[in-house]
1. Could you identify the single residue in GLU164, GLU201 that is modelled with pLDDT under 95, over 14 Å from the mean Cα position of the chain (by Cα), in a loop (DSSP other than H, G, I, E, B) and closer than 24 Å to ARG113 by Cβ?
2. Tell me the residue from ARG70, ARG87, ARG81, ARG53 that is basic (Lys, Arg), closer than 28 Å to HIS140 by Cβ and surrounded by fewer than 21 Cβ atoms within 10 Å (Cβ to Cβ), please.
3. Output the residue which, of all residues in region 187-231 that are in contact with a Lys or Arg (Cβ under 6 Å, 6 or more places away or on another chain) and closer than 22 Å to PRO125 by Cα, is surrounded by the most Cβ atoms within 10 Å (Cβ to Cβ).
4. Checking the condition within 16 Å of LEU3 (Cβ to Cβ), under 16 Å from the mean Cα position of the chain (by Cα), modelled with pLDDT of 90 or more and not in a helix (DSSP H, G or I), which residue from LEU263, LEU218 passes?
5. Just checking, how many residues over region 229-275 are under 16 Å from ARG25 (Cβ atoms) and not aliphatic (A, V, I, L, M)?
6. Looking only at region 193-242, how many residues end up being under 14 Å from CYS8 (Cβ atoms), in contact (Cβ under 8 Å) with a residue 40 or more places away in the chain and not aromatic (Phe, Trp, Tyr)?
Amino acid sequence: MRLIDSHCHLQADPFADDVDAVIARARAAGLERILVPGWDLASSAAALALTARHPWLDAAAGIHPHDAARAERAAWLGIVRLARDHRVLAVGETGLDYDRMFSPIEAQLDNLRRHLDLGLDLGKPVIIHCRSAAGSSAAHDDLVEELDRAGMGRLAPSAAPPGERPSAVMHSFSGSQEFGREVLARGLAISVSGLAFRAGEEPTFNEVAPLVPTNRLLIETDSPYLSPPGAPRRRNEPEWVRLTAERLAASGGVPADQLGDQLVAAYDRTFREPI
């Protein structure tokens, strides 16, 4: 089965001692594409350096909402510089996290806005993290408002050409069916991770995944986090994206080989088309 991992932090500390072996195992498992996003300036530069060593990997540059309050102007200018490099195919990881609240809401919103504007300016997709506090939809609601503010508003069916690349990707999708419909209506892609296996996240598979057009459906590991059942708990790796793909194929009644072809095509449409 052909596989992709649209979100994998291979430059994170848990991979420091054996990243090349991890990448080799991923390749042997059938992965053809891996996107390595940054969460701050240093990790974004590290992602780009990693793709220089392994040209079949791709990089993204951005500042995570957890780091929004700590990112000074110099760091943001560094992200802009990296994002303009032709080898960096996306902007992010950015977004909103009102669950752990490592940065104040206003700092998160400011950080998200500049990423959305940069992505639109460069014509590169923005990778978005979104988590609301338990029992709340505040971050999800604010995100939809910010997408509209940036110009990613609701599209009439005739206004979205079938071949148009997504302007953003909902990374490790978590949320209601209604939220899924809202982001899909704004032309975004949705990426499914091992998070969907957790109790309370069933809507991702049962309600949201079937709504996503095949050319906007991605999968990921979010390695080294979010190990799916059947993968080692100590550290997730890109090779284990296979487990998510197998469940997605089974839930949709799609042959595994067909889904693999669709995933690779959706990845290339989202990230690798010429800017």
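1. GLU164
2. Values: ARG87 fails: closer than 28 Å to HIS140 by Cβ; ARG81 fails: closer than 28 Å to HIS140 by Cβ; ARG53 fails: closer than 28 Å to HIS140 by Cβ.
That would be ARG70, the only listed residue that is basic (Lys, Arg), closer than 28 Å to HIS140 by Cβ and surrounded by fewer than 21 Cβ atoms within 10 Å (Cβ to Cβ).
3. First, pick out the residues of region 187-231 that are in contact with a Lys or Arg (Cβ under 6 Å, 6 or more places away or on another chain): 189, 215, 224, 227.
Narrowing the set further to residues that are closer than 22 Å to PRO125 by Cα leaves 189, 215.
Values: ALA189: 28, ASN215: 17.
Out of the qualifying residues, it is ALA189.
4. Details: LEU263 fails: not in a helix (DSSP H, G or I).
Within the list LEU263, LEU218, the selection yields LEU218.
5. 10
6. Summing the residues that are under 14 Å from CYS8 (Cβ atoms), in contact (Cβ under 8 Å) with a residue 40 or more places away in the chain and not aromatic (Phe, Trp, Tyr) in region 193-242 gives 17.
For (1) farther than 24 Å from HIS9 by Cβ; (2) in contact with a His (Cβ under 6 Å, 6 or more places away or on another chain); (3) of a type outside the set (Ser, Thr, Tyr), each residue gets a yes or a no:
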| site | (1), (2), (3) |
| --- | --- |
| ARG100 | no, no, yes |
| GLU106 | yes, no, yes |
| SER137 | yes, no, no |
| ASP141 | yes, no, yes |
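The values are calculated or read from the model by the stated rules, or taken from the named source; none is laboratory data. As the structure is a computational prediction, the values presented were derived from the model and not from experiment. Neighbour counts run over all protein chains shown; Cβ positions are idealised from the backbone, glycine included.
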